[in-house]
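J.: Could you have a look at this structure, given as structure tokens, before my questions?
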Amino acid sequence: MVATKNMPDVSESPLLASGLDPCAKLSIHVDCRSEEDKFKWLESEKVGYDLGESAIRNWVRDHWSGYLRAKWLEHLQGKCFWTELDRGDFGLLQHQFQDQRDLLEPIVDKLKCGYENLTVIAWAKSHRVPIDAVLQILEALDINSRRMVHRFDTR
């Protein structure tokens, strides 16, 4: 069994330490490494030996996209400032589209669930939602230009 002394100290996580303080400037790369270390430790514990880099590659394959999407949405909502993301996007959802909250909220919920632009557009069409308003929101959020490649991402 892997010794428990190797388990990452979750109290050192910048995200937990910040309590999602919007004034704090945090790094996705630093926080991501903490998540990778926790995942590697847990997966290594399951098999009884250190899985090393292969566990991190598995985390990237299974979790990187969702992790990055969550950080991007925290940034847009003004919950946490992530230094690798566009400064002008911070808190965007707090001041734009306030007159369209009934439309913005389901779009953001769908993005949180991993939907892409095309899936959101298909949802809007099937629910007879005004497509021009949906496109305006999607263009402002510009999810496709906000993607980041992880150092171990093989896609």
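J.: So between S145 and I121, what do we pick up on full extension, going 0.36 nm a residue minus the alpha carbon distance?
T.: Numbers: separation 24, 0.36 × 24 = 8.64 nm, distance 1.76 nm.
Value of the extension gain: 6.9 nm.
J.: Work out from phi, with θ = phi - 60° and the Karplus expression 6.51 cos²θ - 1.76 cosθ + 1.60, the ³J(HN,Hα) of each residue of region 134-140, listed in order in whole Hz, and give x for Gly and Pro.
T.: 4, 4, 4, 5, 4, 5, 5
J.: Here's another thing I want to ask about it. Points 7 angstrom from Cα along the Cβ direction at S27 and R128: gap in nanometres?
T.: 5.2
J.: For region 4-146, what does the relative contact order come out to in percent, with C-alpha contacts under 8 Å and a separation of six or more? Can you show the working numbers first?
T.: Numbers: 118 pairs, mean separation 27.5, N = 143.
Reported as a whole number, the value is 19 percent.
J.: Tabulate in residue order the Karplus-calculated ³J(HN,Hα) for region 37-51, using 6.51 cos²θ - 1.76 cosθ + 1.60 with θ = phi - 60°, rounded to whole Hz; enter x for Gly and Pro.
T.: Taking θ as phi minus 60°, the curve returns 4, 4, 4, 4, 5, 4, 5, 5, 4, 4, 9, x, 8, 6, 7 Hz for region 37-51.
Bear in mind these aren't lab numbers, they're just calculated from the coordinates by the rules spelled out. Bear in mind the structure is a predicted one, so any value in this text is a computation, not a measurement. Because the Cβ atoms are built from the backbone with ideal geometry, glycine has one as well, and the counts that use them run over all protein chains shown.
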